[in-house]
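Beneath this line is the structure, given in structure tokens, with notes to follow.
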Amino acid sequence: NNHLDEMKKKGVQLVITVDNGITSVNEAQYAKEIGIDLVITDHHHALDRVPEAVAVINPQVSPKYDFKGLAGVGVAFKLINALLAKSKFTNEKKNQIFNYFLPIVAIGTVADIVPLVGENRVIVKRGLEIINKNPELMPKSLMGFLSALNLKENVDTYHIGFVIGPRINAGGRIESPYDSLRILLCETADQIQYIEKIENINTERRRLQDKAFRIAEKRVDPDQAFLYVCDEEFHEGIVGIVSGRITEKYNKPSAVFKIDIEKGHAVASLRGPGYFSVIDMISTAAPYLLRFGGHKGAGGLTVGLDHLDHVIQIFQDYCQREITSDQLEKVTQVDTVLLDHEWNDEELRDIALLAPFGEGNQEPLFMFEHIKVARVEAIGKKSNHLKIYGQFGEKTVVIMMWGKGEEVGLIPQKISIVGKVKPDSYNGGYFIDGVDWIKED
């Protein structure tokens, strides 16, 4: 409530939340008591009681709104659209404002890892079209940011997820979200100093998360149904990333707790595999939690240290009860076999029509059979990647196997490859982005 008090002193009469607020029942009540109007825009699941506010915009609590997959930024964009519809702007001006914000909404949608289906697919597809084909329509600050990252054409969901998103998130994770915000508010020389700062923060973020992940790997017990690690030294801003990496590696729900002895509580981020609902599990421990929220794939909570062990045991029991052995088995789902006569520009070009790719709309995974291996190289600064030159029917193909450099001497003369088709931006044509290889007799 301290933040609300500060805003009240400054004469603030209206607060609009973005991507939060749906579980802030007490804070909403306090805002009402001190005379601040509150509009909540959020996409997370509510508690048993929805906060009292002037308006609550959230597809999870709107029974008449069918699409529940909007990201927090998408819900905020809905409010912008509603305000535009009520405005007296000309249609031309409305379209200008709509297109101005759309690339930012697209970036936020991908970075929030929501399913790229339905409305989200349209948002991201159209947002990327503006970024790549009509950049003059988007904020100049965003143009400057992308230029500084050397992203001047063919920006796709990969660049958002692994280049743009992590840098925008780094400010709020490690120091202040205002560091990231200033990148999107400033232009030219003013912007450069903030981009340089966020690069340094992002480098520190990677260092902290790698260190924390090494600690977590040593402490988690992979035989348990629910994986967790607690530490006083963890930075609160990276616990979600570490939890995600644990879940990805072991295919089990996980939590990373930042212990704060002085405050007497622990703050945790939780992640779950596709078959699991994190928010359903968290809700079973609600009476013992100070705060919590989230959705199917991820969540967060604050718990007093006196209840920490009990909450962990509740989660452990829940996972042992709910998770089956079949769910734990990691299966690589191949979409189809791609035959050698289909390896041509006309056929492969059509794959791009399925984009944008991401959560809920993954790139097609193909099986490439009967590849004769001509040459194998370990590449990269640490020789940690594989580059395989092979014969696929009458075509010569290049296969990249990331992180498998240690297998350089193990590749036989004839293999099948499970992988994705990627355009080769350097040499033209396409290459196979290999996930795994199988020896053929």
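Read the figures in this text as sums done on the coordinates, not as results from a lab. Computed from a predicted structure; not experimentally measured. In this analysis, Cβ positions are derived from the backbone assuming ideal geometry, glycine residues included, and neighbour counts consider all displayed protein chains.
A simple packing score, the average count of other Cβ atoms within 10 Å per residue, orders the peptides 70-83, 23-36 as 70-83, 23-36, with the highest score first.
Placing +1 on the Cβ of every Lys and Arg and -1 on the Cβ of every Asp and Glu, with no other charges, gives segment 207-307 a dipole of roughly 320 debye about its Cα centre.
A compact globular protein would have a Cα radius of gyration near 2.2 N^0.38 Å; the ratio found for segment 132-260 is 1.25. For W402, W343, the sequence from fewest to most other C-beta atoms within 10 Å is W402, W343. Equivalent ellipsoid of segment 1-57: semi-axes from √(5λ) of the C-alpha gyration tensor, largest first, are 19, 11, 9 Å.
When the chain is treated as a Gaussian network with alpha carbon springs shorter than 10 Å, the biggest mean-square fluctuation among F257, F162, F357 belongs to F162.
For segment 44-189, the alpha carbon positions stretch 46, 41, 28 Å along the principal axes, listed from largest to smallest.
Each principal axis of segment 103-198 carries a Cα extent, and these read 37, 28, 18 Å when sorted largest first.
Y275 sits among other residues whose Cβ lies under 15 Å from its own Cβ, and their net charge, with Lys and Arg +1 and Asp and Glu -1, is -1. Net charge near E232, counting Lys/Arg +1 and Asp/Glu -1 over other residues with Cβ under 12 Å of its Cβ? Charge balance near E232 sits at -3.
Per 20 Å bin, what is the whole-percent P(r) computed from every C-alpha pair distance within the chain? Each 20 Å bin holds this share of Cα pairs: 20, 54, 23, 2. Shape annotation for segment 255-412: C-alpha extents along the principal axes are 67, 35, 29 Å, from largest to smallest.
Debye-formula intensities of segment 336-439, expressed as log10 I(q)/I(0) at q = 0.19, 0.20, 0.22 Å⁻¹, are -0.97, -1.06, -1.24 (one equal scatterer per alpha-carbon, no solvent). State which entries of K249/K422; K211/K296; K64/K125; K140/K387; K252/K395; K64/K86 exceed 29 angstrom in Cα-Cα distance in the structure shown. Distance filter (> 29 Å) returns K140/K387; K252/K395.
For the options P166, P412, P59, a Gaussian network treatment of the chain with springs between C-alpha atoms closer than 10 Å singles out P412 as fluctuating the most. A Förster radius of 60 Å combined with the Cβ-Cβ distance from A82 to E394 puts the calculated FRET efficiency at roughly 0.55. Look at the alpha carbon pairs under 8 Å that are at least 6 residues apart: their mean separation over the length of the chain gives a relative contact order of 8 percent. Only Cα pairs under 8 Å and 6+ residues apart enter the sum, and on that basis the relative contact order of segment 244-380 stands at 17 percent.
Pairs of alpha carbons in segment 220-328 separated by more than 19 Å make up 35% of all such pairs.
Annotation note: GluC sites (Glu not before Pro) in segment 202-234 located in DSSP loop regions with a Cβ neighbour count of at most 14 within 10 Å are E232, E233.
Extension gain, D326 to E199: 0.36 nm times the residue separation minus the Cα-Cα distance gives 41.5 nm. Other residues with beta-carbon under 15 Å from the beta-carbon of V124 carry, at +1 per Lys or Arg and -1 per Asp or Glu, a net charge of -2. Against the chain, whose longest principal axis is taken from its Cα atoms, helix 308-322 shows a tilt of about 50°. Every Cα-Cα pair of segment 144-213 was included, and the share exceeding 14 Å stands at 59 percent. The distance linking segment 235-275 with segment 1-48 is 26 Å (Cα centroid to Cα centroid, whole angstrom). The calculated FRET efficiency for the pair E369 and F162, based on their C-beta separation and a Förster distance of 41 Å, comes to about 0.85.
Taking all Cα pairs closer than 8 Å and separated by 6 or more residues, the relative contact order of segment 108-261 comes to 17 percent.
Spatial offset of segment 73-105 relative to segment 330-364 amounts to 34 Å, using the alpha carbon center of each.
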